[in-house]
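Beneath this line is the structure, given in structure tokens, with notes to follow.
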Amino acid sequence: MKSATPTLQDRLRTLPSVTEADRHLESLGLPHGKAVRERVVAVIEGHRERMRGAGESVPLPAKADVLSEIEAAVARPAANQLRRVINATGVVVHTNLGRALLSPELTRPVEPLLHTYINLEFDLKTGKRGERGGQVPELLARLSGSERALVVNNNAAAVLLMLTALAAGKEVIVSRGELVEIGGAFRVPDIMRQSGARLVEVGTTNRTRLSDYAEAITADTAALLKVHRSNFALVGFTEEAGIAEMAALAAERGIAVWHDLGSGNFYRFEQPALRGIPTIAQEIQAGAELVTFSGDKLLGSVQAGIVVGAAEAVGRMRKHPLYRSLRVDRVRMALLEASLRAYLDIGTLRRRNLVIDMLERTREEMEPMARQLLEALGPLEGGGLTWELVPELSLPGGGALPEARIETLCLALSRPGEDGEALAAALRAGEPPVVGRLSEGRVLLDFRTLLPGDIPALAEAIGGL
Ligand SMILES: *Cc1c(COP(=O)(O)O)cnc(C)c1O
């Protein structure tokens, strides 16, 4: 006689087998067999684990429900396929999530240029080859108040080209406090070695004075290089020389000062935590011969490395054979031009530059989104999940001010008895995946980096937890 409570073996038998699942997928015309085996097994194994772990307290899943779950898992894009992700981390310039977002208002007018030939490197007046990027270098020079500009693949490339073209075989002096590693293993000493320039380290990790640079200058010195620390802050007993005094020293000794700024902008932020960020024009005014920065950090545009500064030095970089390996294609050049033009009209800048828009967002501006999300979550009340709106601080990223914290609004999610890590993993496994941040056992979803279209999808994702 069968007992009233089924044994674990009985319970496990209620799950579909891999063969059954396969036949089911085939009958629906969905991908099946070897190609999706891993995902099918993952769903079935997930149920088996839960049954083994929780014994009889877990209600038996209906076979049809498990099959639907398998359908959904198979229809879902592969985890490593590039797709939309909801960034609820509050990190605006998130390198792993694609850095700067482009506003549809910015890209829409550019889109037709992708389907036609363009004057990428062609002077329409003379009918001859022109400057690559048309007006882009001119716009950059104008916005930064410098003589000339050049665009390459990324900022790492800009620094490499600068050192190779202008300092190979010579010495470049860098403070020990600035020998940094930026994400993705951009290490100043490595780039230096690659370029053929000789790195001369001066000062100590926490303190470098102008006299340290002065004493290190020799007949072989090409330049003093200042590197923005970007992703870490030096606090406590510290000292560093500013660009202006370095420029004065360099002028006196007949060498150059270059500034790897990393993240730059042509705009002055109103957000209190970001008010201190100097514009690129201010950095140029401070006296550096060359300033380099990324296109897809604070600037809010496409991946690019931009160098602005003295015409002669930029010209030598432009002529160096390495430039050809580092140049930028038409798609990015067209988008970069649109981004730069957007800076000429401050009135519409936030609509066309999402990095600036997200960084400038105030709590008041986030409230309508927050209300919309709370409303959508209403029906879930009492279902085990708990949530509340909390005033928080976001770390904006972007390498401009590593220590800056901006006031923000977050939804704090938790489920009693479950750690935040598990909730965060479930959110990442959804479609679209949602990435938040953990704080004291809860998942924080930061409204700073959410797009208006994210709210319904986010509500659905939370509903599926
Ligand atoms: C980000 C950064 C880089 C690298 O720029 P990419 O555009 O990522 O190549 C180099 N230097 C500094 C100071 C940076 O902040």
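The values are calculated or read from the model by the stated rules, or taken from the named source; none is laboratory data. All values derive from a computational prediction rather than experimental measurement. Reconstructed Cβ throughout: ideal geometry from the backbone, glycine too, with neighbour counts over all protein chains shown. In case anyone asks, the SASA skips ligands and DNA or RNA and just uses the protein heavy atoms, side chains included. Shrake-Rupley method; radii C 1.70, N 1.55, O 1.52, S 1.80 Å.
Among residues of region 259-279 that are modelled with pLDDT under 95 and assigned to a loop (DSSP other than H, G, I, E, B), those with a Cβ under 8 angstrom from a residue that is open to solvent by 40 Å² or more (accessible area, probe 1.4 Å) and within 13 Å of the ligand (Cβ to nearest atom), sequence gap 6+ or separate chain, pair up as Gly276/Leu401; Ile277/Leu401. Residues in region 132-156 that are touching an Asp or Glu at 6+ places or on another chain (Cβ under 9 Å) and among the small types (Gly, Ala, Ser): Gly133, Gly134, Ala141, Ser144, Ala149. Taken over region 438-455, the criterion of being open to solvent by 40 Å² or more (accessible area, probe 1.4 Å) and under 22 Å from Glu364 (Cβ atoms) is satisfied by Leu451, Pro452, Gly453. Contact map, region 220-239: first residue open to solvent by 10 Å² or more (accessible area, probe 1.4 Å), second residue in a loop (DSSP other than H, G, I, E, B) and near the ligand (Cβ under 10 Å from one of its atoms), Cβ cut-off under 6 Å, separation 6 or more or different chains; pairs are Arg229/Val180; Asn231/Gly399; Asn231/Pro402; Phe232/Pro402; Ala233/Pro402. Every residue in region 287-298 that is within 11 Å of the ligand (Cβ to nearest atom) and either surrounded by fewer than 24 Cβ atoms within 10 Å (Cβ to Cβ) or among the charged types (D, E, K, R) (or both), please. Selection gives Asp296, Lys297.
Restricting the search to region 175-196, which residues are part of a helix (DSSP H, G or I) and more than 11 Å from the ligand (Cβ to nearest atom)?
Of all residues in region 175-196, those part of a helix (DSSP H, G or I) come to 176-178, 188-195.
Of everything in region 175-196, those that are part of a helix (DSSP H, G or I) and more than 11 Å from the ligand (Cβ to nearest atom) turn out to be Arg176, Gly177, Pro189, Asp190, Met192, Arg193, Gln194, Ser195.
None of Gly196, Gly177 is open to solvent by less than 20 Å² (accessible area, probe 1.4 Å) and more than 20 Å from the chain's Cα centre (by Cα) except Gly177.
Every residue in region 235-263 that is β-branched (Val, Ile, Thr), away from the ligand (no atom under 16 Å from the Cβ) and over 19 Å from Thr205 (Cα atoms), please. Listed by number, the list holds a single entry, Ile255. Considering every residue within region 136-153, establish whether at least one is open to solvent by 10 Å² or more (accessible area, probe 1.4 Å), under 15 Å from Val328 (Cα atoms), part of a loop (DSSP other than H, G, I, E, B) and without any contact (Cβ under 8 Å) to a residue 24 or more places away in the chain. Checked region 136-153: no residue is open to solvent by 10 Å² or more (accessible area, probe 1.4 Å), under 15 Å from Val328 (Cα atoms), part of a loop (DSSP other than H, G, I, E, B) and without any contact (Cβ under 8 Å) to a residue 24 or more places away in the chain. Here is a check on your reading of the model: is Ala79 out of contact with any strand residue (DSSP E or B) (no Cβ under 9 Å at 6 or more places or on another chain) and open to solvent by 70 Å² or more (accessible area, probe 1.4 Å)? So Ala79 passes the test. Pairing each residue of region 402-425 that is touching a residue at least 24 places away in the same chain (Cβ under 8 Å) and assigned to a strand (DSSP E or B) with any residue that is among the charged types (D, E, K, R) and surrounded by fewer than 19 Cβ atoms within 10 Å (Cβ to Cβ), provided the two are 6+ apart or on different chains, yields C-beta distances under 8 Å for Glu407/Arg363; Thr408/Arg363; Leu409/Arg363; Leu409/Glu367; Leu411/Glu388; Ala412/Glu388.
Scanning region 97-135 for residues that are in contact (Cβ under 8 Å) with a residue 60 or more places away in the chain, part of a loop (DSSP other than H, G, I, E, B) and within 21 Å of Asn265 (Cβ to Cβ) yields Arg99, Ala100, Leu101, Leu102, Ser103, Val110, Gly133, Gln135. For region 299-333, the set of residues classified as aliphatic (A, V, I, L, M) and open to solvent by less than 20 Å² (accessible area, probe 1.4 Å) consists of Leu299, Val302, Ala304, Ile306, Val307, Val308, Ala313, Val314, Met317, Val328, Met333, listed by residue number.
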